[in-house]
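No value in this document is a laboratory result; all are computed from the given coordinates. What you see is a predicted model, and the numbers here were worked out from it, not measured in a lab. Virtual Cβ from ideal backbone geometry, glycine too; neighbours counted across all protein chains shown.
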Amino acid sequence: MKKRIVDDIEVTESSGNVFADLALPDAEKLQIKSGLTIEINRAIQRLQLTQDQAAERMGISQPKVSALMRGAFSNFSERKLMDCLNRLGYDIEIKLKPATQPTGHLILAIA
C-alpha cells in the first residue's frame with residue numbers, strides 16, 4: 001500500500017477493500033456481503049418501503065431488516081442477501097473466468 005504525507009499526517013492509500021486493509025479474515029467475503037447489504041438499503045429507500053413492507057417482500061423478519069439497515073450483515077449468507085435483492089427486483093449474474101493468479105478473487109460489480 002502506498003503511504004504519503006497530507007497536512008503532516010501519514011496517510012495510507014486503501015487497497016479498495018477496507019476489510020483487507022484492516023487485515024480481517026475473509027476480507028473478500030466481507031466486502032461482497034457489505035456491498036450486497038448497501039444495495040439492499042438503496043433498494044428499500046428507492047422503493048420507499050417501510051421496514052415491515054421490506055421484510056414481507058424479502059421474506060425475512062422486520063428485526064432482520066432493521067439489522068441490515070444498520071449494516072449488521074454477519075448473520076446473513078451471501079446467498080440470502082442475493083435472494084433479498086431478487087425479491088426487491090434485482091437480477092443477479094454470476095460470472096466465472098479463469099484467474100490469472102493461482103488463487104482467484106471475489107468481486108462485486110453493481111451496475
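Miscellaneous remarks
- Residues of the chain were split at every exposed loop site, defined as GluC sites (Glu not before Pro) in a DSSP loop with at most 16 other C-beta atoms within 10 angstrom, and the longest piece left, sites excluded, is 14-92.
- Under 20 Å, Cα to Cα: Lys pairs in the chain, sequence gap 8 or more or different chains: 9
- For trypsin sites (Lys or Arg not before Pro), the sites in region 1-105 that DSSP calls loop and that have at most 10 other Cβ atoms within 10 Å are 2, 70, 95.
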